[in-house]
Amino acid sequence: MKGCLDKTYFLLTILLLAKSPVLRATASFDVLLLLEIQNISTQDSIPLDQLLYQLSNANPTQKINFLKKLEKFDSKQFSSAHKEKIRTLLITNPSKRLILLAGFLEMKPTLFTLAEKYKGKKSLIQYINIALVRAGHFPKANTLLKNLEKLTINDPFVYEVLPLLTYTK
């Protein structure tokens with residue numbers, strides 16, 4: 001059984017390298033499904049380069065799954081080329097989860113660029129500011145602390161704000 005799955009994985013990897021976007025998308029989904037069937041950790045099985053490549057070609061549901069996988073890597077595993085790929089994705093199509101990944105990777109210049117570009121989008125700006133705190137930007141951390149002093153601790157605080165505070169360390 002394992003030999004058969006290895007051959008299937010190999011063929012799906014070949015399809016990922018195909019020129020057709022449809023073949024690549026189908027193959028990337030099939031590879032993830034195959035890995036789940038084998039109970040193999042996708043983080044260990046799919047290299048960082050391939051996850052970033054798939055992220056740029058994925059539909060919204062797949063993007064969430066790929067970002068979850070990327071979040072499992074240690075920040076030291078991301079090279080400058082990986083960060084550049086993430087920067088490109090952020091500039092062209094930012095998502096809250098991708099912004100938080102940039103904060104985890106301490107991509108301050110990219111986050112400042114995003115803050116300037118998306119001044120009017122309150123939801124994105126909030127995530128950019130939280131990511132800057134995680135990246136070690138002390139003025140944003142001080143602002144966050146001042147704002148926290150004004151908040152009432154209630155259910156929305158516990159379920160919405162506290163998880164983001166945990167992310168900031």
On the given criteria, is Ser123 surrounded by fewer than 16 Cβ atoms within 10 Å (Cβ to Cβ), among the hydroxyl-bearing types (Ser, Thr, Tyr), modelled with pLDDT under 95 and under 28 Å from Ile46 (Cα atoms)? no
Return a yes/no flag: does segment 89-107 have any residue that is of a type in the set (Gly, Ala, Ser), surrounded by 19 or more Cβ atoms within 10 Å (Cβ to Cβ) and either within 17 Å of Thr166 (Cα to Cα) or touching a Lys or Arg at 6+ places or on another chain (Cβ under 7 Å) (or both). yes
Considering Lys140, Lys169, which residue is more than 19 Å from the chain's Cα centre (by Cα) and of a type in the set (Lys, Arg)? Lys140
Counting only residues that are in contact with a Phe, Trp or Tyr (Cβ under 7 Å, 6 or more places away or on another chain), give me the helices (runs of 4 or more DSSP H) lying completely in segment 79-169 with at least 2 of them. 96-104, 122-134
Can you find a residue that is at pLDDT 55 or above and not acidic (Asp, Glu) anywhere in segment 27-42? no
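The values are calculated or read from the model by the stated rules, or taken from the named source; none is laboratory data. Note that this is a predicted model, so its numbers are computed, not measured. No Cβ is skipped: glycine too gets one built from the backbone with ideal geometry, and neighbour counts run over all protein chains shown.
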